[in-house]
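So the structure is just underneath, and the comments pick up after that.
None of the figures in this text is laboratory data; all of them are computed from the coordinates on show. Remember, it's a predicted structure, so these values are computed and weren't measured experimentally. Methodologically, a virtual Cβ is constructed for each residue, glycine included, from the backbone with ideal geometry; neighbour enumeration extends over all protein chains shown.
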Amino acid sequence: MPRPTIRQLEYLITLENEQSFSKAAEYCNVTQSTLSAGIKDLETVLDQQLVNRMGRKINLTALGQEVAEQARSILTDVDNIVSKAKEQKNPLCSTIRLGVIPTIAPYILPDILPDLQTHYPSLELQIYEDISERLVEQIHKRQLEAAILAFPFETDGLEHHQLFEEEFHLASPKDKLLPKSLSINDIKPEELLLLEEGHCMRDHALAACELQIPSRRKTFSATSLATLIQMVGHGFGVTLLPDMVVKNAPMPSNIQITNFDTPKPKRTIGIVWNINAPQKRDLQQLYAHLKNAFN
């Protein structure tokens, strides 16, 4: 009796993730006709329809969703076999797809990537930059092995390991008068500029200073820290910048950076991966190396 192949199961899982034959084929690095034929063969083997092909949006039938869910478990077991075999040779000699949020990636990757390459030349580290919510979703879907995030952030079903804590600093226009001893209570909510919704640093900045978004506030928000810094420099308000940004990003001459007195607002940086990650041993090794590098 014919049985489903690993490749056919991969096609089905990817189609469920992407909800598009063209995008799924691109992700699997095959032609659309190859992917479509592979899924059709899977349906023939099972003698059941797995994909609803009516309309523009592609989705799986109820049985197709069940098969995809079981297929994820099967592929996890297969990945475990491959990973264990590789681990017998050398640590961190496989491919790891690592997500990093935009408020971290530009400021730490230039330091950690060359160091990792030196210590683990066989490691193929693929970097994906995105907001926390999408990175966590991609780990659950097996599209990423791990992600470096800022916390607190909801990561149900994932292992969470702290790398380090860092302080926030106040960025304000150069000519703005500030108290000699700066407290989080000195920040006026209506002056605080934030990243747009979806960026976790927006929530961390508010939580760190115990601030609520006022009903009347400036309508400016930014999609990146670089834009936020420029807005501060031109007098639109003040913002909170993490220590790594202050140390690694060029600051315009029209901005002043001020440290807070105790208690200092902070955020926590950590790495997460799936509890049942096939490459857990490699991920633990990666975490240990990064923690040592940051401390």
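Data table
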{"quantity": "Length released on extending from Leu206 to Gln49, taking residue separation times 0.36 nm less the Cα-Cα span", "calculated": "51.6 nm"}
{"quantity": "Signed unit charges on C-beta, dipole axis of the chain, positive-most listed residue Val30, Leu12, Pro2", "calculated": "Val30"}
{"quantity": "Taking N as its residue count, the alpha carbon Rg of segment 6-86 over 2.2 N^0.38 Å", "calculated": "1.09"}
{"quantity": "Nearest-20 debye value, the chain charge dipole, Cβ charges on Lys, Arg, Asp, Glu", "calculated": "320 debye"}
{"quantity": "Net +/- balance of residues flanking Gly233 in space, Cβ distance below 13 Å, scoring K and R +1, D and E -1", "calculated": "+1"}
{"quantity": "Around Leu46: net Lys/Arg minus Asp/Glu count, Cβ-Cβ under 14 Å", "calculated": "-2"}
{"quantity": "Ordering of 246-257, 263-274, 9-20 by burial proxy (mean other Cβ atoms within 10 Å per residue, highest first)", "calculated": "9-20, 263-274, 246-257"}
